[in-house]
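Below is one structure, written out as structure tokens; comments come after it.
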Amino acid sequence: MIDLTNISLQFCGKYLFKDVSFKINSGDRAALIGANGSGKSSLLKIISGKLPPEGGFVQKQKRISIGYLPQDHIVHTGSTLLEEAMLALTDITNLQQKEKELTEALSSLNISNEEHQDLINNLGEVHQRLEELDSYSASSKVEKILMGLGFEEKDFSRLTDEFSGGWQMRIALAKILISQNDIILLDEPTNHLDLDSLEWLITFLNRYKGALIIVSHDKHFINAVTTKTYEIFNRRFSIFNGNYAAYLKFKEERDKELIHKHELQRKKIEDTKRFIERFRYKNTKAKQVQSRIKQLEKEELIELPDFEDAININFPEPPKSGKVNVELHRISKSYGDNKIFNEIDFQINRGEKIAFVGPNGAGKTTLAKIIAGRINFEDGKRITGHNTFISFYAQDVADNLDPDFDIIETIYGIANDKTPGELRSLLGAFLFHGDDVFKKVGILSGGEKSRVALAKILLTQSNLVILDEPTNHLDISSKRVLQKALINFPGSLILISHDVDFLQPIVNKVVEIRKGNIKTFVGGIDYYLMKREEIQKKNEEETLNQPEKINSKKDKKRIAAKNRQAKYRATIDISGKISILEQEIDELEKKEKHLEKTLANPDTYNDHEKATELGNEFSEIKQKLNVCLNKWERLNTELKNIESQFD
């Protein structure tokens, strides 16, 4: 579908990648991976046509449709959520307009038989394409996709201007999924999804038949939906036939080989340098010395991969707390008229590592802030256990950093026992390298501030650590460093995260928060996902076995629309046949009337041969007309029988 040939791109005078050539075929499902700054997002932009390559060219199949989701800067304004989503149905709306135009053209009296047949053929093609796009249930599909991504029915009439950045991303993602593109390009699509929406998206993409290229730091997600791995490494592009988990095994072997080759090259360079130094001033060796110097200049240095696993960062040893860290008794919390919790009880014990999961807006962050003592509540009691010290990280915590401090000053104040080298290693793990550590906090992006705040948490002596979406601005290597620190942390932990791979080795309990209710699953995230799937299947079976309840006018309208769509699908073929047959009957009746008039004229019989020919033609037309009328009657009876099933 798309051919990329010798694609190159530079940034600040250095190549991100050079002479990249590969083909994207229908059905390819690839994860695009590489270190931060290696050019992954730029390559997606080149494929989508948003960014021209510096060198090389991109060839695309005619009429190919590409859906591209960028990481940020997504804004929708000026329409309701449902109106915005429906804009993605461009193919269907265009076809429906064409269908209308063809139908109108067919009713014209001034067209030839040949033109009439062409119009019928074109109309048949339009109907077939509409059937392929399942246009008759398009509105229902749009609503299902929006709800799958976490929107509620009450959101459909809200203006898109009202939605925050994370929800704006979901609107853009919904439109891409609705559009039925040939290729979908997704740049970090999971950053603002909750676990429910993430699992729904995995299911949707596994049913999607087009090509898929994804940039994501969520290993669980890319392993679940991709079968191929594209890698940008050392400015080169390579393809590995296997998902990310399989690629990591391959990478481990490749890294060993690179280390071996690097060591051989290092020894060779040292030997060459020694030879040059030893014989630099000997005339008899001048040619050999010059030859070795040229060899060194031409030598392409082997770059070693990043070894993030070598970085070990651990929390300071926390003070020992009592058996219970925090107890909540009959807590009630509201925001205006929105009741979040009503008389809930919760307790976190020493050593527990808990994941809070559930849909966005269910109250995960609210509960975490109540436990941390960051917000008030209307009723109930919060009791802090003996010797409990709490550290709390959330996206808005980053806003409390002093903008006049540089990064290393910000964390140095709480880590007097750490050397500058240790602090720089910590900051390097959170993607601050070299002179980055001297940047003022005030000039950092939101993501960079969040990483600084997270680094501060790792230096704090607390025995209860609460982290709200800590992985949103981290790459895979940084997540691994944080993950290892949390596994080794001897205190208690609450994690709000949708990143299954990140949670798997850490948590020993999962708390699901949904519609103001709290349900606890004693076990890891895999156990929770298994139990949730069992519950969903049971609920689906119960729903199927129950008659559909009609509680409101809206329910009646929805069911009526569903019934109309089913009726339309069941009758479209036979209705089309009747429409074509009616056109044919109309033409035959016109010819019959014309011949009747001609045969009624006495002058017609002056030419006996011509009169006989017209008489035969009249008989043939009457016979054809009778056949068509009988067929029309039969089809209409069949149509009424089908329609009666939906009445």
> Just one of ASN122, ASN110 is among the polar types (S, T, N, Q), loosely packed, with under 15 Cβ neighbours inside 10 Å and either without any contact (Cβ under 8 Å) to a residue 60 or more places away in the chain or not in a strand (DSSP E or B) (or both); which is it?
Replying inline: ASN110
>> I'm told TYR247 meets every condition in (1) buried (at least 21 other Cβ atoms within 10 Å of the Cβ); (2) modelled with pLDDT of 90 or more; (3) not in a loop (DSSP other than H, G, I, E, B) except one. Can you identify the failing condition by its number?
In response: (2)
> Applying the selection to region 416-442, what residues are exposed (fewer than 15 other Cβ atoms within 10 Å of the Cβ), part of a helix (DSSP H, G or I) and either without any contact (Cβ under 8 Å) to a residue 12 or more places away in the chain or charged (D, E, K, R) (or both)?
Replying inline: GLY421, GLU422, GLY434, ASP435
> SER48 is checked against (1) closer than 27 Å to ILE476 by Cα; (2) more than 25 Å from the chain's Cα centre (by Cα) and fails just one. What number does that condition carry?
Replying inline: (2)
> Before we move on, is GLU343 in the same structural domain as SER425 (by TED's automatic domain parsing), touching a strand residue (DSSP E or B) at 6+ places or on another chain (Cβ under 7 Å) and exposed (fewer than 14 other Cβ atoms within 10 Å of the Cβ)?
Replying inline: yes
> Residue check: is TYR281 at pLDDT 85 or above and aromatic (Phe, Trp, Tyr)?
Replying inline: no
>> Consider region 26-40. How many of its residues are farther than 14 Å from PHE233 by Cβ and modelled with pLDDT of 90 or more?
In response: 3
> Considering region 168-202 alone, what residues qualify as being out of contact with any Gly (no Cβ under 8 Å at 6 or more places or on another chain), β-branched (Val, Ile, Thr) and assigned to a helix (DSSP H, G or I)?
Replying inline: ILE171, ILE178, ILE202
> Given the structure, is SER238 among the polar types (S, T, N, Q), more than 16 Å from LEU69 (Cα to Cα), more than 13 Å from the chain's Cα centre (by Cα) and in a loop (DSSP other than H, G, I, E, B)?
Replying inline: no
> Across region 459-492, what is the number of residues that are under 24 Å from HIS220 (Cβ atoms) and of a type in the set (S, T, N, Q)?
Replying inline: 6
> Which residues, counting only those in region 161-199, are among the hydrophobic types (A, V, I, L, M, F, W, C) and closer than 21 Å to LEU495 by Cβ?
Replying inline: LEU193, LEU195, LEU198
> When the residues of region 292-315 are filtered to those that are at pLDDT 80 or above and surrounded by 12 or more Cβ atoms within 10 Å (Cβ to Cβ), which remaining residue is farthest from PHE392 (Cα to Cα)?
Replying inline: ARG292
> Of the residues in region 372-409, how many are more than 34 Å from the chain's Cα centre (by Cα), modelled with pLDDT under 90 and part of a strand (DSSP E or B)?
Replying inline: 1
>> Among (1) closer than 29 Å to LEU82 by Cβ; (2) hydroxyl-bearing (Ser, Thr, Tyr); (3) buried (at least 21 other Cβ atoms within 10 Å of the Cβ); (4) in contact with a strand residue (DSSP E or B) (Cβ under 7 Å, 6 or more places away or on another chain), there is one condition SER197 misses while meeting the rest; what is its number?
In response: (4)
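Residues being among the charged types (D, E, K, R) and under 19 Å from ASP468 (Cβ atoms): count how many of those fall in region 511-531.
Adding up the residues that qualify gives 2.
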> Which of the residues spanning region 387-405 are surrounded by fewer than 20 Cβ atoms within 10 Å (Cβ to Cβ), farther than 20 Å from SER497 by Cα and of a type in the set (S, T, N, Q)?
Replying inline: ASN387, ASN400
> Quick check: is even one residue across region 543-553 aliphatic (A, V, I, L, M) and modelled with pLDDT under 80?
Replying inline: yes
> Do you know which of the residues in region 49-77 that are exposed (fewer than 13 other Cβ atoms within 10 Å of the Cβ) and more than 18 Å from PHE151 (Cα to Cα) is modelled with the lowest pLDDT?
Replying inline: HIS73
> Counting just the residues of region 346-386 that are of a type in the set (Lys, Arg) and buried (at least 17 other Cβ atoms within 10 Å of the Cβ), which one comes out nearest to PHE163 (Cα to Cα)?
Replying inline: LYS364
> Quick one: is ALA31 within 29 Å of LYS219 (Cβ to Cβ), small (Gly, Ala, Ser) and crowded, with 20+ Cβ neighbours inside 10 Å?
Replying inline: yes
>> Given the criterion in contact (Cβ under 8 Å) with a residue 40 or more places away in the chain and either in a helix (DSSP H, G or I) or assigned by TED's automatic domain parsing to the domain that holds LEU474 (or both), identify the matching residue among ILE232, ILE259.
In response: ILE259
> Taking the stated definitions as given, is GLY166 on the phi > 0 side of the Ramachandran plot and not assigned by TED's automatic domain parsing to the domain that holds GLY576?
Replying inline: no
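The values are calculated or read from the model by the stated rules, or taken from the named source; none is laboratory data. Computed from a predicted model, the values in this text were never measured in an experiment. FYI the Cβ positions are ideal-geometry reconstructions off the backbone, even for glycines, and counts take in every protein chain you see.
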